[in-house]
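Enquirer: I'd like to ask you about the structure that follows.
The values are calculated or read from the model by the stated rules, or taken from the named source; none is laboratory data. Owing to the predicted nature of the structure, the values given are computational and were not obtained by experimental measurement. Virtual Cβ from ideal backbone geometry, glycine too; neighbours counted across all protein chains shown.
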Amino acid sequence: MSARTIQVDARLHDWLVTHSLRDTDAHRTLREHNLTLEDGGMQTSPEQSQFMTFLARSIRSVRAIEIGVYTGASAMAIATALPPAGRLVACDISDEHLETARATWKAAGVDDRIESRIGPAVETLAAMLDEPEAGHYDFMYVDADKENSLNYYEHGLKLLRPGGIIAIDNMFRGGDVVDPAVQDESTVATRELARFLIEDERIDYSLVPIGDGLALARIA
Ligand SMILES: C[S@@+](CC[C@H](N)C(=O)[O-])C[C@H]1O[C@@H](n2cnc3c(N)ncnc32)[C@H](O)[C@@H]1O
């Protein structure tokens, strides 16, 4: 028992990864590739990705949405949780890394479950509201431009079924949320989002200290 969340230092983190991570060749190959990219740190951490597989599978997800695909790590994790006939709509504003993502998903055997949509995600989600699947999605992961996270969340409330889960990344902003000197647009938006979510009675809520802080909203 612990009255508060303990700090995970590098040694404990190594232990956590060694004793919980179920790594695959597809994961390792992608991580090595991302190390060669200037912005490779944008990848969702492996332990958080595995947690999202666990979460999405726990609620028997069949249809899922991801906002912010990059080279495809978290999309692979979510798609892994879906049954073979399931579908992940993977949204990104750029197709720069789509070839890498597609190769990764193929190596993981989930490429046929993932549909890419390229464009500003606000527009992609707005268009999805007019499709027959609207209201029938089970899981959504938000990991893109932080200024729009609240917007994505509001779309998610309409696109997901009751009992569906919206997961929003980077709630800690690397610790910047508690530093009043930091006033950039993304951090200010994240603080506003945190204030909003705790009061929103449409959801059950938890903010999990995994990765860079993962907000979980279960639609009531
Ligand atoms: C942090 S990365 C996503 C990392 C990914 N989830 C992973 O685990 O590898 C953020 C992504 O959001 C995308 N993005 C930024 N602004 C966007 C927008 N307005 N609409 C859609 N995607 C956007 C970027 O192109 C980038 O690929």
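Enquirer: Read through the list (1) assigned to a helix (DSSP H, G or I); (2) within 14 Å of the ligand (Cβ to nearest atom), then give the number of the only condition that Lys106 fails.
Expert: All conditions are met except number (2).
Enquirer: Report, by residue number, each residue of region 113-124 that is in contact with a Gly (Cβ under 8 Å, 6 or more places away or on another chain) and near the ligand (Cβ under 9 Å from one of its atoms).
Expert: Ala121
Enquirer: For region 32-75, give me the residue count where each residue is outside any helix (DSSP H, G or I), among the polar types (S, T, N, Q) and surrounded by 15 or more Cβ atoms within 10 Å (Cβ to Cβ).
Expert: Count: 5.
Enquirer: Considering (1) aliphatic (A, V, I, L, M); (2) within 15 Å of the ligand (Cβ to nearest atom); (3) out of contact with any strand residue (DSSP E or B) (no Cβ under 7 Å at 6 or more places or on another chain), say which one Val182 fails and leave the rest.
Expert: With (1) aliphatic (A, V, I, L, M); (2) within 15 Å of the ligand (Cβ to nearest atom); (3) out of contact with any strand residue (DSSP E or B) (no Cβ under 7 Å at 6 or more places or on another chain) applied to Val182, the lone miss is (2).
Enquirer: Suppose we filter Thr44, Thr53, Thr71 for residues that are modelled with pLDDT of 95 or more, within 11 Å of the ligand (Cβ to nearest atom), over 23 Å from Gly175 (Cβ atoms) and under 19 Å from the mean Cα position of the chain (by Cα); which single one remains?
Expert: Every option except Thr71 fails the conditions.
Enquirer: Being closer than 24 Å to Phe51 by Cβ, of a type outside the set (Asp, Glu), in contact with a helix residue (DSSP H, G or I) (Cβ under 7 Å, 6 or more places away or on another chain) and touching a residue at least 40 places away in the same chain (Cβ under 8 Å) narrows it down to one of Ala90, Ala101, Ala121, so name that one.
Expert: Ala121
Enquirer: Answer yes or no: is there a residue in region 88-96 that is part of a helix (DSSP H, G or I) and either over 18 Å from the mean Cα position of the chain (by Cα) or more than 14 Å from the ligand (Cβ to nearest atom) (or both).
Expert: no
Enquirer: A further question on this structure: What tally of residues in region 133-149 results from selecting those that are of a type in the set (D, E, K, R), more than 18 Å from Leu55 (Cβ to Cβ) and within 16 Å of the ligand (Cβ to nearest atom)?
Expert: 3
Enquirer: In addition: Being within 14 Å of the ligand (Cβ to nearest atom), buried (at least 17 other Cβ atoms within 10 Å of the Cβ), assigned to a loop (DSSP other than H, G, I, E, B) and at pLDDT 95 or above is the requirement here; does Tyr152 meet it?
Expert: In short, no.
Enquirer: Could you tell me whether Asp130 is surrounded by fewer than 16 Cβ atoms within 10 Å (Cβ to Cβ), more than 30 Å from Asp9 (Cβ to Cβ), away from the ligand (no atom under 16 Å from the Cβ) and free of Cβ contacts under 8 Å to residues at least 12 places away in the same chain?
Expert: It is true that Asp130 is surrounded by fewer than 16 Cβ atoms within 10 Å (Cβ to Cβ), more than 30 Å from Asp9 (Cβ to Cβ), away from the ligand (no atom under 16 Å from the Cβ) and free of Cβ contacts under 8 Å to residues at least 12 places away in the same chain.
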